[in-house]
Every structure is written in C-alpha cells, then in structure tokens.
Amino acid sequence: QVQLVESGGGLVQPGGSLRLSCAASGSIFSISAMGWYRQAPGKQRELVASTTSGGIINYADSVKGRFTISRDNAKNTVYLQMNSLKPEDTAVYYCHVDFVSSTFRREYDYWGQGTQVTVSS
C-alpha cells in the first residue's frame, strides 16, 4: 500500500503565497515522477507541474514564472511553491505519483486526497 499525505492548502489573498507538500510512503521501490494537478469547480483536472527522477520539469503555461516544483528524493516528498496567486488558481490541488511497487516490482500511479487552495480577498 501507498500513502500520500498532502498539506499546505488554505485561504490566501490575491498576490499571496502558499507552499504545498506531498509525502509518499509505503510499498515504494522507486518513484519515477511526482506532480501536482488541480481541479476547479466545473472544470477538468489539469496538470500544474511535474518533475521526473531524471530532472525533467513541466509547468502549465498559466503558472510559469509563479509556481516552482521541487522534490526531496530522500524523503519521497514533492513541494509546490505558489507565488503571486490569482483568484483563478482557486482549485483542489492533487498530488500524483508514478512509482514502482516494492512488493510487485511493477509500475503504478497514485493520487492524493486533494487539498483546497482558495485565492480570494
């Protein structure tokens, strides 16, 4: 089994900052990619940012220059630093992990439970 523990969401004013974290634990042999997605009411879930074990990082165009994804491999943790937040960033943010199971030595992916980010004055 795998657990993803997300934290850091909340209410912030426009222009403010938040830092999300997601720690993965459980039957994990290795992690190939970690990332953040978000889903606003009435909209589809979309990629915000992702990072691979090889160091490839992707950002949605809407967050480039404002959000930074980083990863602590020793802790199996991914972070999302969000600056200059806008009301349109309001959404539930989900952590996503691609990993190889230590039990079955096969690749799986897993989603966190989501954390609410609300940007409002």
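What follows draws every value from the coordinates through simple rules; no lab data is involved. If you're wondering where the values come from, they're calculated on a predicted model, not measured in any experiment. Heads up, the Cβs are rebuilt from the backbone with ideal geometry, glycines too, and the neighbour counts pull from every protein chain shown.
Listing for the model above:
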quantity: Kirkwood-based Rg to Rh ratio, region 76-121, C-alpha trace; calculated: 1.15
quantity: GNM flexibility winner over the chain from Val97, Val12, Val48 (Cα, springs under 10 Å); calculated: Val12
quantity: Principal axis dimensions, largest first and in whole angstrom, of the chain by Cα; calculated: 48, 25, 24
quantity: Computed magnitude of the charge dipole of the chain (debye, nearest 20; Cβ of K, R +1, Cβ of D, E -1); calculated: 80 debye
quantity: Cα-based reach from Lys64 at 16 Å (exclusive), listing aspartates and glutamates while leaving out same-chain residues under 8 positions away; calculated: Glu46, Glu88, Asp89
quantity: Estimated inter-spin distance, Phe29 and Lys64, nm [label 7 Å along Cα→Cβ]; calculated: 3.6 nm
quantity: Gaussian network model of the chain, Cα within-10 Å springs - most flexible of Arg66, Arg106, Arg45; calculated: Arg106
quantity: ³J(HN,Hα), Karplus 6.51/-1.76/1.60, whole Hz, each residue of region 72-82, x for Gly, Pro; calculated: 10, 5, 5, 9, 6, 10, 10, 10, 9, 8, 10
quantity: Centre separation in Å (Cα based) which lies between region 1-67 and region 80-121; calculated: 4 Å
